[in-house]
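The values are calculated or read from the model by the stated rules, or taken from the named source; none is laboratory data. Computed from a predicted model, the values in this text were never measured in an experiment. Heads up, the Cβs are rebuilt from the backbone with ideal geometry, glycines too, and the neighbour counts pull from every protein chain shown. To get the accessible areas, we keep the full protein, side chains included, count just its heavy atoms, and leave off ligands, DNA and RNA. Shrake-Rupley method; radii C 1.70, N 1.55, O 1.52, S 1.80 Å.
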Amino acid sequence: QVQLVESGGGLVQAGGSLRISCAASGRTFGTSAMAWFRQAPGKEREFVVSISRSGGSTVYADSVKGRFTISRDNAKNTVALEMKSLKPEDTAVYYCAAGPTYIYAEARRYDYWGQGTQVTVSS
């Protein structure tokens, strides 16, 4: 079992930066790829980025490539998402997810989800 708690969301102006984090509890953290998904009002949940168990491999959605950076610290059981050059279309609830052995972009591959943290980008 893995419990995930996101933090760090908030309101930021377009062009600004924000860092959100996810703290995981449970002894399987290091054996799981991690990911961030997001869901805007009225839209389906979409993949943002995933990171491998070691942190050595990452996959980004095209919409955030070059602007977002994911990292993980297996010693601290945390994963973070650094977001720069934010756009109003980045506004969404951001969810941390865990579960699979390998990186996937499909939400159905992830067994554990946090409660989400709101990120709002004003224009």
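The residue that is most open to solvent (accessible area, probe 1.4 Å), counting only those in segment 60-87 that are closer than 12 Å to residue 34 by Cβ and not polar (S, T, N, Q), is 73.
Among the conditions (1) open to solvent by 50 Å² or more (accessible area, probe 1.4 Å); (2) more than 12 Å from the chain's Cα centre (by Cα), residue 16 misses just one, which is (1).
Which pairs do you get when a residue that is on the phi < 0 side of the Ramachandran plot and in contact (Cβ under 8 Å) with a residue 24 or more places away in the chain, found in segment 10-25, comes within reach of a residue that is in a loop (DSSP other than H, G, I, E, B) and open to solvent by 50 Å² or more (accessible area, probe 1.4 Å), reach meaning Cβ atoms under 7 angstrom, with the pair 6+ apart or on two chains? Short answer, once both residue conditions are applied: 14/87; 14/123; 17/84. Across segment 88-111, the number of residues qualifying as touching a Gly at 6+ places or on another chain (Cβ under 8 Å), open to solvent by 50 Å² or more (accessible area, probe 1.4 Å) and at pLDDT 95 or above comes to 1.
For segment 1-37, name all the residues that are outside any strand (DSSP E or B) and touching a Gly at 6+ places or on another chain (Cβ under 7 Å).
Initial filter on segment 1-37 (outside any strand (DSSP E or B)): 1-2, 8-9, 14-17, 26-33.
Result: 1, 2, 32.
Of all residues in segment 55-68, those that are over 21 Å from residue 106 (Cβ atoms) have Cβ atoms under 8 Å from Cβ atoms of residues that are assigned to a loop (DSSP other than H, G, I, E, B) and open to solvent by 30 Å² or more (accessible area, probe 1.4 Å), 6 or more apart or on another chain, in 67/84; 67/85.
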